[in-house]
Amino acid sequence: MGSGAGEVGLAARSTTLNQMRVPLQLRPPLSPSAIPASAGGRAPGPRRARFTLVAAGLLLAACGDGGGTAPSVVTTPTTVAGTTAAGEAPAGTGAAAGPGTPAAPATTAGAAVPLNEIGLRLDLVASLDQPLALTPRAGSDDLYVAERVGRVRRIERTIRAGADGDTETVKLITRPVLDISDLTTTDGERGLLGLAFSPDGTELFVHYTDSNGDTVVAGYPMDDSGPSPVAVEDQGRILLTQEQPFSNHNGGGLLFGPDGMLYITLGDGGSGGDPTETGQDPTDLLGSILRIDPAPAEAAPYTIPTDNPFAQAAGGRPEVWVWGVRNPWRVSFDQATGDLWVADVGQGEVEEIDWLPAADGAGRGANLGWNRMEGDRGFEGGTPPEGYTGPVATYGHDGGRCSVSGGYVYRGATIPALDGVYLYADYCSGEVFGLRLGTGGGEAATAPLDVGRKGESIVAFGQSADGEVYMLEQSGAVSRISPTTGGVAITRASDNG
Ligand SMILES: [Ca+2]
Ligand SMILES: [Ca+2]
């Protein structure tokens, strides 16, 4: 969801705001003393050297409806030290395949199955009301889904081992785990946008826009004493609020890293072109990926991790982990490597995928370039900022593509050919893509995946604890990406409760 998604079929919802009900226990805001004074907007203090990836080639071909002739996008990662100069902007203008645009090979390593030849299908798991995020919770196989209107729903999974392989029964539980629909609206790109559980599963965190359109990140304790787990609505706590100047680009990502820290994505505040110039300014929270420890501190509802890039150094808000993003619509950690993947929605030309390896700090202090750069190109004559980290892959708006929806690195057991492949999608074209990193510094390859049908406004993905990947469509479908043969059969049961 981004520049394009806001205009496409996101129906405004008339919401009666319940001014009387105050389900959230308001904790004191961050005290000024908890925020180191920022001095001058300089780059942070010492930070680890890291690879900077500059996309050196953007190879696009027009996309037919059939998918068989769909294009590949290949970028060449280039290591650049320190202050960088980006590669030349690609000559392509986004028109159909330009002269000399070769068909890109989809394979990079050994005998890996070409991405577009991996046999996949979509298995419907449940139908919800505008599902936007899906997450597992420690302690069970169940999945929890955020519905944009403000509800969190639980999908109960019962997995049985059998002589002919495992089978799985899924059941969408009628009663919401959490219902904050009277606290949010769904106009523009607003609503309940993200959810995450604490690593021990005892607290549910949500990322939503409130009745004023401003961002709220709140936590609710979970109650498992009844027949079905629920969040305790009257014991909620607000961790963080952020004024949003426009209705779009609210970020909405919420996830725990392998380090146990809570990551929060915030877009640039909206409109177009980053009018408030927040992307390159880490002294405010917009246009950033934040990292906090949700444990309350003495005078604040959360704690600043001491190894955040601005925790000790001047020049930025101490919550900021990555900046220079426009609207990071879905970020994820690779379950196997801890690498951070970011999908950042472009302004009007280039969608981008950023790979931030754990070995290089998982994005710590990275400047992803917006609004100096859009994807791998200078934006309105912009040049790469100091310490720029460029995308590992980009694509343009040919073939009806408009807005990237980021996903996950597949780490499940049922589709070995997909292991290590980052899955993502385009919201408008309904295509699902795979990205396979090259080995030994080789180029990354991307290609559309054949999942059996086009998606209907693919808004997001989710991943179970065992690495399987789910696709979420605006129409309501939550589907598991499954192999065409084998795998775990799904049976949908209804909730009679
Ligand atoms: Ca900012
Ligand atoms: Ca960027």
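Any read-out appearing in this document is the output of simple, stated calculations on the displayed coordinates, not a laboratory observation. Everything quoted here is computed from the prediction, not taken from an experiment. For neighbour counting, all protein chains shown are included, and Cβ atoms are generated from backbone atoms with ideal geometry for every residue, glycine included.
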Are there trypsin sites (Lys or Arg not before Pro) in the stretch 284-354 that DSSP marks as loop and that have at most 16 other Cβ atoms within 10 Å, and which are they? none
Relative contact order, percent, the stretch 342-497 [alpha-carbon distance under 8 Å, six or more residues apart]: 16 percent
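FRET efficiency for R453 and S271, Cβ-Cβ distance as r, R0 = 41 Å, nearest 0.05?
The calculated FRET efficiency here is 0.75.
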Residues in the stretch 478-497, backbone N under 18 Å from the label point at D166 (7 Å along the Cα-to-beta-carbon vector): list them, ranges by number please. 479-493
Given R₀ = 25 Å, FRET efficiency for S225-I490 by Cβ-Cβ distance, to 0.05? 0.25
Under unit Cβ charges (Lys, Arg +1; Asp, Glu -1), what dipole magnitude, rounded to 20 debye, does the stretch 134-189 have relative to its Cα centre? 180 debye
Backbone HN-Hα couplings from phi across the stretch 317-324 [Karplus 6.51/-1.76/1.60, Hz, Gly and Pro as x]: 5, x, 7, 6, 10, 10, 9, x
Spin-label pair D129/E233, simplified geometry with 7 Å Cα→Cβ offset, distance in nm: 1.2 nm
Pick out, from P385, V320, A366, the residue whose Cα sits farthest towards the positive end of the charge dipole of the stretch 280-434, with +1 on the Cβ of Lys and Arg and -1 on the Cβ of Asp and Glu. V320
How large is the dipole of the stretch 160-316 about the Cα centre if only Lys and Arg carry +1 and Asp and Glu carry -1, each at its Cβ, rounded to the nearest 20 debye? 240 debye
